[in-house]
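Chemist: My questions will all concern the structure given below.
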Amino acid sequence: MTRVNFYISPNQAAEANLQLACRIAEKAYGQQNKIYIHANSAEQAKSLDDMLWVFRQGSFIPHCLSNNTDQQDAAVIIGHEGLPEIQPDVLINLADEVPNFFTRFERVAEIVSGDEPTRETARARFKFYRERGYPLETHELNS
């Protein structure tokens, strides 16, 4: 059964969610997982693609956008519409809704920033998972 983790950041900056997604992707990559990051939009996907190159000095995570035809070598695939061609292990969700394909993953990481509208949509996602019996964990982050 898919395990779901909510990562709640007090930071309200728009870029904070992308930074957190990069950190989670880096950790999952270090554990030899394949990762799919589900963005809210094409623009957010592109911003995340750019950020993964520079988010932390000395870090390298092979990644590509989901419209790239050469996805086999990428540890991280970033998209906003549907599931990539390969089968990843971890889904990092930046979208406001639960992707309908989330059950194909071993783990789901839901990213929640500190602003109230984002927290409200996250509560709806939390309720969705809870009502369906998925194991949930919440991680309150300090920064």
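The values are calculated or read from the model by the stated rules, or taken from the named source; none is laboratory data. Note that the structure is predicted; figures quoted are calculated from it, not measured. Note that each Cβ is placed from the backbone with ideal geometry, even for glycine, and that neighbours are counted across all protein chains shown.
Chemist: Looking at Gln12, Gln44, Gln71, Gln32, which is the one that is out of contact with any helix residue (DSSP H, G or I) (no Cβ under 7 Å at 6 or more places or on another chain), among the polar types (S, T, N, Q) and part of a helix (DSSP H, G or I)?
Modeler: Matching residue, one of Gln12, Gln44, Gln71, Gln32: Gln44.
Chemist: Kindly indicate the residue of the stretch 78-89 that is of a type in the set (A, V, I, L, M) and surrounded by fewer than 23 Cβ atoms within 10 Å (Cβ to Cβ) and also modelled with the highest pLDDT among those meeting that condition.
Modeler: The extreme case among them is Leu83.
Chemist: Name the pairs whose Cβ atoms lie under 7 Å apart, with the first residue in the stretch 58-83 and within 18 Å of Gln19 (Cβ to Cβ), the second surrounded by 14 or more Cβ atoms within 10 Å (Cβ to Cβ) and among the small types (Gly, Ala, Ser), and 6 or more positions between them or separate chains?
Modeler: Ile61/Ala25; Ile61/Ala75; His63/Ala74; His63/Ala75; Val76/Ala25; Ile78/Ala39; Ile78/Ala45; Ile78/Ser66
Chemist: Can you name every residue in the stretch 10-40 that is surrounded by fewer than 21 Cβ atoms within 10 Å (Cβ to Cβ) and in contact with a Gly (Cβ under 7 Å, 6 or more places away or on another chain)?
Modeler: Within the stretch 10-40, Pro10, Asn11, Gln12 qualify.
Chemist: What about Glu140, is it surrounded by fewer than 13 Cβ atoms within 10 Å (Cβ to Cβ), of a type in the set (Asp, Glu) and within 20 Å of Asn11 (Cα to Cα)?
Modeler: Judged against the criteria, Glu140 is a match.
Chemist: If you don't mind, there's one more thing I want to ask. Can you find a residue in the stretch 124-137 that is surrounded by fewer than 19 Cβ atoms within 10 Å (Cβ to Cβ), within 19 Å of Leu20 (Cβ to Cβ) and at pLDDT below 95?
Modeler: So far as the stretch 124-137 goes, no, none of its residues is surrounded by fewer than 19 Cβ atoms within 10 Å (Cβ to Cβ), within 19 Å of Leu20 (Cβ to Cβ) and at pLDDT below 95.
Chemist: Could you tell me how many of the residues in the stretch 47-68 are farther than 19 Å from Ser113 by Cβ and either within 12 Å of the chain's Cα centre (by Cα) or not in a helix (DSSP H, G or I) (or both)?
Modeler: 13
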